[in-house]
Structures are given as structure tokens and as C-alpha cells.
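The values are calculated or read from the model by the stated rules, or taken from the named source; none is laboratory data. These numbers were taken from a predicted model, which means no experiment stands behind them. When we count neighbours, we look across all protein chains shown, and the Cβ atoms used for this are built from the backbone with ideal geometry, even at glycine. The accessibility values were calculated without ligands, DNA or RNA, using every heavy atom of the protein model including side chains. Shrake-Rupley method; radii C 1.70, N 1.55, O 1.52, S 1.80 Å.
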Amino acid sequence: MALLAPSILSCDFSRLKEQLLMAQEGGAEMIHIDVMDGHFVPNITFGTLIVEAVRKILPKAFLDVHLMIQNPQERYLDFIDAGADNISFHLEVVPDFDFLINLILKAGAKASLAIAPGTPVHMLDQILPKLYMVLLMTVNPGFGGQKIIPGMDQKIIQLRKKIKSKGLNTFIEIDGGIHENNIEYLASCGASVIAAGSLVFSNEDKITQKVREISEKIKRF
Ligand code: DX5
Ligand code: ZN
């Protein structure tokens, strides 16, 4: 069953609480939180204070923290302490990713690896059994509201096959450029968690309705 993870990157931060509660009312159980450092990606967003705030607003939600930062090994613990349930970090910045996965697991959180669109899925072969999710970026990391990069559907299909052939249950999360016109197709390709920012938050009067509608659409996959 595919599920929607609203990404707060596109919310109105002056109304964070209100908009998160609307998303929750629509049935959102997982919230995607994009941390950007201005080094690994050109954009800067926020750090642990926002994760703490989201945790306070939604005590029971699953907080999916996507670290787009150069040194996740120096910061992961702060985010777990702030309330993260899952930490995703980028394979591109931590070639020795096995070590950091173990540290995250030891600290009591779920551990996931994120890969940028240009990084091939075979690089995950050895580590797959330890991962909670593989976060397949479907746009280049850094900004919300971009268009999906063509060919990402094949990457999802390839990874889904790999996970199945190994008898694993690893979730495939997709992130970036997901809209009404592609969400069902990408869920049918094997995406199990769908992070979406602008799709959920661009019409601020309809957040609850949007989350409900989209969740309904993708739950059959
Ligand atoms: C982009 C972020 C995404 C972003 C997606 O680097 O990782 O999570 O919020 O935004 P949309 O859904 O608007 O493409
Ligand atoms: Zn993200």
C-alpha cells in the first residue's frame, strides 16, 4: 500500500502548525522534512529546531528526515534527538555508508539511503537488507516545485525488482516532481512512499482534501 508523505518544504512556515494539522486531518501519518545546508545543495532550509517543532505539533506522526547535507555523520544524532523517526542521508556524500547506517540504527532510528537521479541503484546492492527505505530522488536535490526527470520510472521498476528478488520489504520512497498526472503511475511502478511538497501545499485552503484524495488514489498499490 503506497502512502503519501507531505513535504513541509512547500508549506507556509508562518502557518506551520495549522497546515500540519490539516495534513494530519487528511490522514497523513508520515511527514517529510528536508534539511539543506547550502553545501551539498545550493539551498539552505532549516535544522533541528523545525524538527522539534513538528514533533511537538504532531506527537504521533512518523518524521522522515531527509538530510541533504555534506556531513550527516556529524549531525544525525541531533536530528534523532529532535524527534526524527527515520534518517535518510545521501550516498553521494558518505562513501562509507555502512558505518553511518549502523550508527543511526544503534541510536534507535530507522536508517535510509538517498540517491540523486544520476546515481545508479546497483550501488545499494550490499546494503539493501539494512535499509528501511531507499529514497530515490526524482529531481536534482535542492528545491521544491521542480519537474520530474524523465526515466525515473525505470529506476523505480529496477529497484523494485531487486528488492523483490532478495526477498526484502525495503520501502522505495520517491521525492520531487510528483503531481496528479504521474503519482498513480509511479506508485504502480513500485514506489511505496511518495514525498510531495507543492502538490500538497500549493492550495492552502485544500490541504486536508488534497491529502485525503491523493492517499485514496495511491493506497491500492
Ligand atoms: C527536493 C526535496 C523534496 C521537495 C519536493 O530537494 O528533497 O522533498 O520537497 O518538492 P516537490 O514535491 O514540490 O517537487
Ligand atoms: Zn526530500
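Which lysines have a Cα less than 22 Å from the Cα of Lys106, not counting those fewer than 8 places away in the same chain?
Lys60, Lys130
Give the relative contact order (percent, whole number) for the chain; include only Cα pairs under 8 Å separated by 6+ residues.
Relative CO of the chain lands at 25 percent.
Going through the range 3-76, which trypsin sites (Lys or Arg not before Pro) have at most 14 other Cβ atoms within 10 Å and a DSSP loop state?
Here the sparse-neighbourhood loop sites are Lys60.
In the chain, what percentage of the DSSP-assigned beta bridges are antiparallel, given to the nearest 5?
Expressed as a percentage, antiparallel bridges in the chain total about 5.
What's the FRET efficiency of Ile44 with Asn169 using the Cβ-Cβ distance as r and R₀ = 25 Å, to the nearest 0.05?
Step by step, r from the Cβ atoms, then E = 0.10.
Using the Cα centre as the reference, give the magnitude of the dipole from point charges on the C-beta atoms of the range 72-187 (Lys, Arg: +1; Asp, Glu: -1; all else neutral), rounded to the nearest 20 debye.
Charge dipole, the range 72-187, about its Cα centre: 460 debye, nearest 20.
Count the net charge of all other residues whose Cβ sits under 10 Å from the Cβ of Met30, scoring Lys and Arg as +1 and Asp and Glu as -1.
Summing Lys/Arg as +1 and Asp/Glu as -1 gives -4.
Could you name the aspartates and glutamates in cross-link range of Lys161, using Cα to Cα under 18 Å and dropping any fewer than eight places away on the same chain?
Asp125, Asp153, Glu173
In Å², what does the accessible area per residue of the range 88-165 work out to with a 1.4 Å probe?
Accessible surface, normalised per residue, equals 47 Å².
Rounded to the nearest Å, what's the spacing between the alpha carbon centres of the range 175-221 and the range 108-171? Just the number, please.
18
For a label point 7 Å from the Cα of Asn71 along Cα→C-beta, name the residues of the range 103-122 whose backbone N is under 19 Å from it.
Inside the label zone: 103-104.
Dipole magnitude of the chain about its Cα centre, charges +1 at Lys/Arg Cβ and -1 at Asp/Glu Cβ only, in debye to the nearest 20?
Once rounded to the nearest 20, the dipole reads 700 debye.
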